[in-house]
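Comments concern the structure below.
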Amino acid sequence: MKKMNMIVVFDKDKKHTLMCKRTKEPYMGMYNLVGGKIEKENDGLNEAYRELFEETNIKKEDIELVHFMNFTYVTWGKELEVYYGVLNKDVTLIEEMNELVWVPVSDDFFDMNKYAGEGNIGHIIKEIQVEMKKSDKK
């Protein structure tokens with residue numbers, strides 16, 4: 001099974017999330033979460049940090065990632081690991097290939113004319129926000 005990751009990055013105030021604007025298909029020209037292929041089997045968290053650094057210049061010491069959920073697309077032979085984290089300071093982003101954009105968390109991430117993933121981005125972000133609200137109350 002081919003494994004990939006997606007990383008939801010919130011700014012330190014949790015008011016924006018980081019998106020990349022896709023330069024190739026699928027979803028060319030649409031916004032997507034950062035992420036990519038997991039190259040080392042069974043090393044998902046380290047692979048998420050590697051991919052995040054490669055695509056954005058965000059380092060492990062800038063953010064603590066949490067493995068939040070997986071999606072398994074059985075007929076496609078693909079598994080998607082979803083991580084999230086909140087930056088602990090301001091960072092200087094360096095784009096690898098796709099333009100990076102901070103999007104307000106109030107945006108409609110279910111807008112399938114703007115966001116890739118057939119509504120999955122909206123689902124992922126809303127579920128993470130529910131989890132973060134629970135954690136903030138503790």
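The values are calculated or read from the model by the stated rules, or taken from the named source; none is laboratory data. Computed from a predicted structure; not experimentally measured. Quick reminder, even Gly has a Cβ in these numbers, built from the backbone with ideal geometry, and neighbours come from all protein chains shown.
Structure above, values below:
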quantity	calculated
Unmet criterion (only one of (1) touching a strand residue (DSSP E or B) at 6+ places or on another chain (Cβ under 8 Å); (2) under 15 Å from L87 (Cα atoms); (3) among the charged types (D, E, K, R)) for K59	(1)
Residue ID - farthest from L18 (Cα to Cα), chosen from residues in the range 64-89 that are acidic (D, E) and either crowded, with 16+ Cβ neighbours inside 10 Å or in contact with a helix residue (DSSP H, G or I) (Cβ under 9 Å, 6 or more places away or on another chain) (or both)	E79
Total residues in the range 32-44, condition surrounded by 15 or more Cβ atoms within 10 Å (Cβ to Cβ) and either over 15 Å from V103 (Cβ atoms) or touching a Lys or Arg at 6+ places or on another chain (Cβ under 9 Å) (or both)	5
Residue match in the range 56-71 (condition: at pLDDT below 95, at positive phi and either hydrophobic (A, V, I, L, M, F, W, C) or part of a loop (DSSP other than H, G, I, E, B) (or both))	no
Yes/no for T17 being within 20 Å of E118 (Cβ to Cβ), β-branched (V, I, T) and part of a strand (DSSP E or B)	yes
Pairs with Cβ under 9 Å, 6+ apart, first in the range 4-31 and within 22 Å of K78 (Cα to Cα) and surrounded by fewer than 16 Cβ atoms within 10 Å (Cβ to Cβ), second aromatic (F, W, Y) and at pLDDT 95 or above	Y27/Y115
Some residue of the range 83-90 being within 25 Å of K2 (Cβ to Cβ), touching a His at 6+ places or on another chain (Cβ under 8 Å) and at pLDDT 95 or above	yes
